[in-house]
Amino acid sequence: MDIVVCVKQIPDPADPGELDSETNTLKRDMKLIMDESDSYGVEMALQLRDAAGEGEVTLVSMAPNEEVNGLRSALAMGADKAILVSDEALAGTDALGTARVLAAAIARAQADLILAATESSDGYTGTVPEQVAELLGLPSVTFAKEIQAEGGEVLVKRQTEDGYDQVRCPLPAVVSVTAGVVEPRYPSFKGIMAAKSKPMDQVGIGDLGLSPDQVGWAGGGQEITDVSPAPEREAGELITDEGDAHESIIALLEELRIV
Amino acid sequence: MGTIWVFAEASGDKVATISLELLTRARELADTVEAVVGTDGEPVAAELGAHGATTVHATGDLGDGLAGPAVASAIAAAIEGGNAPDAVLFGTTYDGRDVAGRLSVKLGAPVITNVVELEQANGSLVGTEPVFGGTVNVSTRFNGSGVGLFLVRPKSFAAEESGGGPAVVSALPVPDLGAAGAARVVDRFAEESSGPKLDEAGVVVSGGRGLGEAEKYSMIEDLAKLLGGAAGASRAIVDAGWVPYSHQVGQTGKVVKPDVYVACGISGATQHMVGMKGSKNIIAINKDAEAPIFGIADLGVVGDVHKVIPKLIEALQARS
């Protein structure tokens, strides 16, 4: 079973984020790491590949610079190879442009199954997996909390408002996974060493048959009109528990007429 | 602005709260508000009409098909046929994102996402999105030609009735979907839940990594029950598999705005704060005095959740 996993490399969420002062888009010119949300898709792919006993896991990623740090992390987990679309023209690309690039790269990989996170931790639009599916003319199941593959199709538990739907979907297909679908493994030392020599195919948008006006901020059809600090919430009272803090909590709940 | 369509979601004849919120805001912004549903129109026509929709474009029952490809194709075909609104609004829900994503490709138009405020400026719609855990607001205008697409977070607006009569039901045919429509729902499961829903509860009690282990989450459920509220969770413990995704509060997960939010053993990652900082009152218990959650808490308790919560539960039980 050949599986593509979409992997996003993002600024470390532990560091404060920044907007580019000229374009007001997220700054991404620092060292990037693999979005933790993507580690679930990578792990799921590895398990499905190993259960099938054949096939490859290919990572597909896009970055305006030539960042590969996050991809190396996923290769160290056990993915077989990576395709990185890297091009100056990609700076500021929105979700639809991103989907165009990923879909073009995925089309080269000839996968049975395409996995992605439900949304990235930085941009969090949550539309890319479905946009990729539509661009490729494929069926999709989003918000998967469990995936089983059998005989040319997948059986997916899809999260719903009050439970889940069991969805049957023929392959090839796009599936987006929620956190918790599987427990991601930590890369082993051997995996980290092996990752350094795994194939990393770097391509530009021209190699994918895309033109600069289909990507980047200019191709987006949207304009940022204002950036302003949100009204701050004031911190209230801070107490240290000396064994009676629950009484202060109850006093507040009484005041608010909750109890 | 001329016409806004709202993708409305319903279960039976009950329209989702988020859809009613969108209709309410839409009628303040547009001359004409119409709904689109991926179900039969008749059962929901009254409630949609009562919230401002004059017409409901209904695909009819989709059977075992998913809403994403079917509703997106139906809307795209209507637009191509000359029946184009100025904008379509979607709730940030499982199906809302699917339909918006598919439609965006069909129209070649961007989706303005995570919108919490929607306004009109110079004849076009501007959506405001919180970034960096809600510390910065970014406003984005759709400046393309054609139809603007907006994905709006739940609880951004209050749903209010307009007093309108039932919406007129109009058929919205679904074209042949080809391979894109091949996924089939073979079974539906509702999870057992008692008490109010997470995003509708007046009190939400959430647990985080500070609980130490999965078994301790029962404390959170007990406290939530005693307060007549719902139990939530930080992303950290959902990722760790302690509780299901449906309990997650935050940027990924549910946005909640209860009267009281009790954060237990949650440090306050920006990811989490964006989903709960709109709560009227916030109580936080954490052993780290430097935890960011204290920066937005009305009452912060520096202490061990394993000591404070059992005492709180005991005291509340003694009262009832």
Query raised in the report: Scanning segment B:113-125 for residues that are crowded, with 21+ Cβ neighbours inside 10 Å and at the interface with another protein chain (Cβ under 8 Å from one of its Cβ atoms), which turns out farthest from the chain's Cα centre (by Cα)?
Result: B:Thr113
Report summary line: When restricted to B:Thr93, B:Thr59, the only residue more than 8 Å from chain A (Cβ to nearest Cβ) and either out of contact with any strand residue (DSSP E or B) (no Cβ under 8 Å at 6 or more places or on another chain) or in contact (Cβ under 8 Å) with a residue 40 or more places away in the chain (or both) is B:Thr59
Requested in this report: Can you give me the number of residues within segment A:140-165 that are more than 8 Å from every other protein chain (Cβ to nearest Cβ), within 21 Å of A:Glu43 (Cβ to Cβ) and either part of a loop (DSSP other than H, G, I, E, B) or polar (S, T, N, Q) (or both)?
Outcome: 1
Report summary line: The condition from (1) facing another protein chain (nearest Cβ under 10 Å); (2) more than 21 Å from the chain's Cα centre (by Cα) that B:Val238 misses is numbered (2)
Query - Scan of segment B:285-301 for residues that are surrounded by 19 or more Cβ atoms within 10 Å (Cβ to Cβ) and at the interface with chain A (Cβ under 9 Å from one of its Cβ atoms), ordered by number - result: B:Ile285, B:Phe294, B:Ile296, B:Ala297, B:Asp298, B:Leu299, B:Gly300, B:Val301
Query raised in the report: Quick one: which of B:Asn83, B:Asn114 is in contact (Cβ under 8 Å) with a residue 12 or more places away in the chain and either outside any helix (DSSP H, G or I) or touching a Pro at 6+ places or on another chain (Cβ under 7 Å) (or both)?
Result: B:Asn114
Report task. Report, by residue number, each residue of segment B:9-33 that is away from chain A (no Cβ under 14 Å) and within 15 Å of B:Glu161 (Cα to Cα). Result -> B:Leu20, B:Glu21, B:Leu22, B:Leu23, B:Thr24, B:Arg25, B:Ala26, B:Arg27, B:Glu28, B:Val33
Query raised in the report: Which residues, taken from segment A:180-208, are in contact with a strand residue (DSSP E or B) (Cβ under 8 Å, 6 or more places away or on another chain), at negative phi and not charged (D, E, K, R)?
Result: A:Val181, A:Pro199, A:Met200, A:Gln202, A:Val203, A:Gly204, A:Ile205, A:Leu208
**Report entry** Residues of segment B:140-157 satisfying the condition of being at the interface with chain A (Cβ under 8 Å from one of its Cβ atoms) and either at pLDDT 95 or above or within 17 Å of B:Thr252 (Cβ to Cβ) (or both)
**Finding:** B:Leu151
Query raised in the report: Quick one: how many residues across segment A:18-48 are in contact with an Asp or Glu (Cβ under 7 Å, 6 or more places away or on another chain) and more than 14 Å from chain B (Cβ to nearest Cβ)?
Result: 2
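Determine if segment B:197-206 includes at least one residue that is within 23 Å of B:Ala121 (Cβ to Cβ), in a loop (DSSP other than H, G, I, E, B), of a type in the set (Gly, Ala, Ser) and more than 7 Å from chain A (Cβ to nearest Cβ).
Initial filter on segment B:197-206 (within 23 Å of B:Ala121 (Cβ to Cβ)): none.
There is no residue in segment B:197-206 that is within 23 Å of B:Ala121 (Cβ to Cβ), in a loop (DSSP other than H, G, I, E, B), of a type in the set (Gly, Ala, Ser) and more than 7 Å from chain A (Cβ to nearest Cβ).
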Query raised in the report: Among the numbered criteria (1) within 9 Å of another protein chain (Cβ to nearest Cβ); (2) modelled with pLDDT of 95 or more; (3) out of contact with any Phe, Trp or Tyr (no Cβ under 9 Å at 6 or more places or on another chain), which single criterion is violated by B:Ile282?
Result: (3)
Query raised in the report: Say we look at segment A:7-17 and pick out the residues that are at pLDDT below 80 and loosely packed, with under 14 Cβ neighbours inside 10 Å; which of these is nearest to the other protein chains (Cβ to nearest Cβ)?
Result: A:Pro16
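Can you say whether B:Ser162 is in a loop (DSSP other than H, G, I, E, B), out of contact with any Lys or Arg (no Cβ under 8 Å at 6 or more places or on another chain) and of a type in the set (Gly, Ala, Ser), as far as the supplied structure shows?
In short, no.
Report yes if B:Val174 is part of a strand (DSSP E or B) and more than 20 Å from the chain's Cα centre (by Cα), otherwise no. Please lay out each step first, then the result.
Details: part of a strand (DSSP E or B): no; more than 20 Å from the chain's Cα centre (by Cα): yes.
Here the answer is no, as B:Val174 does not meet what is asked.
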Query - When residues of segment A:66-97 are limited to those that are free of Cβ contacts under 8 Å to residues at least 60 places away in the same chain and in a helix (DSSP H, G or I), the one surrounded by the most Cβ atoms within 10 Å (Cβ to Cβ) - result: A:Ala95
Report task. Return yes when B:Val131 is in contact (Cβ under 8 Å) with a residue 40 or more places away in the chain and not small (Gly, Ala, Ser) and no when it is not. Result -> no
Requested in this report: Report yes if some residue within segment A:47-58 is charged (D, E, K, R) and in a loop (DSSP other than H, G, I, E, B); otherwise report no.
Outcome: yes
Query - Conditions (1) more than 7 Å from chain A (Cβ to nearest Cβ); (2) assigned to a loop (DSSP other than H, G, I, E, B); number of the one not met by B:Thr128 - result: (2)
Query - Pairs with Cβ under 7 Å, 6+ apart, first in segment B:260-285 and without any contact (Cβ under 8 Å) to a residue 40 or more places away in the chain, second among the polar types (S, T, N, Q) - result: B:Gly275/B:Gln251
Query raised in the report: Does B:Val185 count as more than 25 Å from B:Ala315 (Cα to Cα), in a strand (DSSP E or B), touching a residue at least 24 places away in the same chain (Cβ under 8 Å) and aliphatic (A, V, I, L, M)?
Result: yes
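The values are calculated or read from the model by the stated rules, or taken from the named source; none is laboratory data. Source: prediction; values computed, not measured. Methodologically, a virtual Cβ is constructed for each residue, glycine included, from the backbone with ideal geometry; neighbour enumeration extends over all protein chains shown.
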